[in-house]
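The structure under discussion appears below in the form of structure tokens.
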């Protein structure tokens, strides 16, 4: 997905631990989340990995062209055991216009 957006909010760098499904190994992921709008829709995008660590502070006064990947994650609720799903938007590229 590619969109022309403004950044409404940029959250600080966060680090979270997760378990790799293939290896069972504990790993850490860095991320910065951005609340974006294209003028009609508002959505949350995430920059992850080393790109998150070196992520600059983006200005809400400018427009940016973003290229994103959308991934559906599935898991079972820890409380009810029910299957759950969520769509995560990963920001692959972001450039000022």
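Just a few scattered comments:
- As for segment 63-73, it holds no residue that is free of Cβ contacts under 8 Å to residues at least 12 places away in the same chain and closer than 17 Å to residue 9 by Cβ.
- Every residue from segment 4-18 that is at pLDDT below 95 and within 21 Å of residue 87 (Cβ to Cβ): 16, 18
The values are calculated or read from the model by the stated rules, or taken from the named source; none is laboratory data. What you are looking at is a predicted structure, and each value in this text was computed from that prediction instead of being measured. Heads up, the Cβs are rebuilt from the backbone with ideal geometry, glycines too, and the neighbour counts pull from every protein chain shown.
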